[in-house]
Each structure stands twice: as structure tokens, then as C-alpha cells.
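A.B. asks: The structure is given below, and queries will be raised subsequently.
The values are calculated or read from the model by the stated rules, or taken from the named source; none is laboratory data. Values in this document were obtained by computation on a predicted structure and should not be read as measured data. Here the Cβ positions follow ideal geometry from the backbone for every residue, glycine too, while neighbour counts run over all protein chains shown. Remember, those area values only see protein heavy atoms, side chains included, never the ligands or the DNA or RNA. Shrake-Rupley method; radii C 1.70, N 1.55, O 1.52, S 1.80 Å.
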Amino acid sequence: MRQTIDESKLHQERYNEICEKLTQDKYAQFLGIRLIELGEGTATAELTVEEHMLNAHGTAHGAVIFSLADFVFAAACNSYGKTSVALSMNIGFLAAGFKGNRLVATATEEKKNNRTAWYRIRVESDSELIATLDALAYRKNDYFVSIEDHEAK
């Protein structure tokens with residue numbers, strides 16, 4: 001018999017453990033990305049564009065913008081404590097970011113089932129849309145938090 005887990009309840013009861021795991025991302029730490037908010041299938045994170053993050057044109061490097069979007073996507077799709085990884089991601093760069101800009105990325109879950117989930121991510125600076133990203137996650141069988149109290153009897 002297949003186990004059924006109330007992921008909403010799991011998110012609420014294991015919230016601190018989930019946040020702790022997600023904030024251990026070494027690359028995000030290296031870039032200075034900060035997780036601001038984590039909900040069920042949603043997340044918001046920010047970073048400030050620094051000198052070493054600029055490309056040859058003096059604007060925020062696309063890789064930095066993508067990394068912020070990728071981090072917030074990872075946070076949102078792992079927010080239920082179930083191990084999830086990216087299957088595909090498509091980004092559109094719409095405006096430049098500049099040194100000193102505070103970039104804020106928000107991920108919103110559009111659709112989720114047991115195996116996959118679809119997310120929309122927006123990266124903004126001072127209410128200007130910098131980039132959008134559509135992302136598909138693969139939801140593995142395992143959870144990275146304890147599910148003992150949540151397994152169907």
C-alpha cells in the first residue's frame with residue numbers, strides 16, 4: 001500500500017528543520033543569498049549585487065540572476081521536506097541589474113503532484129521585473145526530514 005503524507009502538515013511541523021536544510025546551500029551562502037520567506041510551495045530570497053558580480057558591461061551577470069532564481073526555486077520545491085531536484089528551467093532576462101541593487105526573487109508553485117511540480121519565478125529590483133523563470137521539479141521518493149509521525153497507518 002502506498003503511503004500518503006500530509007505535506008502541508010509536514011511543512012508546518014518541520015518548518016525550522018526544512019529552513020535549516022535549505023539555508024545550508026554553500027553556493028547561495030557564497031553569493032550572499034538570503035532566504036526571506038518560505039511557505040508551502042513558495043519562497044522569497046534576496047541578494048545585493050556587488051562589484052564581483054558584474055559582467056564586462058558593468059551590469060549584474062546573468063549567472064548571478066539565474067543563481068538567485070534557482071535558489072528560490074529549490075527552496076519552494078523542497079518546502080514540503082520532500083527531496084526535489086530540477087528537471088528543466090527556462091529563464092528570460094528582461095532588464096539589467098546594477099551594482100548595489102537589491103534583487104528579490106519569488107517562486108510560486110503553479111501545479112504539484114506526487115512526482116513533478118511546476119513553478120514560476122520572478123526576479124525584481126525596486127519593483128522592476130529583471131527576469132522570469134519557469135521551472136519543472138522532479139519530486140523524489142525520499143524526504144529529508146523525519147516523516148515517522150506522518151506516514152499513513
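A.B. asks: Output the qualifying pairs, or none if there are none: Cβ atoms under 7 angstrom, residues six or more apart or on different chains, first residue in the stretch 96-119 and loosely packed, with under 14 Cβ neighbours inside 10 Å, second residue assigned to a loop (DSSP other than H, G, I, E, B) and at pLDDT 95 or above.
C.D. replies: PHE98/VAL49; PHE98/THR59; GLY100/VAL49
A.B. asks: What is the residue count in the stretch 87-125 for residues that are outside any strand (DSSP E or B) and either within 16 Å of ALA60 (Cα to Cα) or under 14 Å from the mean Cα position of the chain (by Cα) (or both)?
C.D. replies: 8
A.B. asks: Here's something else I'd like to know. I'm checking my understanding of the structure. Among residues of the stretch 51-78 that are in a loop (DSSP other than H, G, I, E, B) and not polar (S, T, N, Q), which one is nearest to TYR138 (Cα to Cα)?
C.D. replies: HIS61
Per-residue answers, yes or no, for (1) at pLDDT below 95; (2) more than 15 Å from ALA43 (Cβ to Cβ); (3) small (Gly, Ala, Ser):
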{"residue": "ALA56", "(1), (2), (3)": "no, yes, yes"}
{"residue": "THR83", "(1), (2), (3)": "no, yes, no"}
{"residue": "ALA86", "(1), (2), (3)": "no, no, yes"}
{"residue": "ASN90", "(1), (2), (3)": "no, yes, no"}
{"residue": "VAL104", "(1), (2), (3)": "no, no, no"}
{"residue": "ASP149", "(1), (2), (3)": "yes, yes, no"}
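A.B. asks: Identify, from the list ALA86, ALA60, the residue that is among the hydrophobic types (A, V, I, L, M, F, W, C) and crowded, with 17+ Cβ neighbours inside 10 Å. Please lay out each step first, then the result.
C.D. replies: Details: ALA86 fails: crowded, with 17+ Cβ neighbours inside 10 Å.
The conditions single out ALA60.
A.B. asks: Test of understanding: among ASP134, ASP149, which residue is of a type in the set (Asp, Glu), touching a Phe, Trp or Tyr at 6+ places or on another chain (Cβ under 9 Å), open to solvent by 20 Å² or more (accessible area, probe 1.4 Å) and touching a residue at least 40 places away in the same chain (Cβ under 8 Å)?
C.D. replies: Values: ASP149 fails: touching a Phe, Trp or Tyr at 6+ places or on another chain (Cβ under 9 Å).
Of ASP134, ASP149, the one residue that is of a type in the set (Asp, Glu), touching a Phe, Trp or Tyr at 6+ places or on another chain (Cβ under 9 Å), open to solvent by 20 Å² or more (accessible area, probe 1.4 Å) and touching a residue at least 40 places away in the same chain (Cβ under 8 Å) is ASP134.
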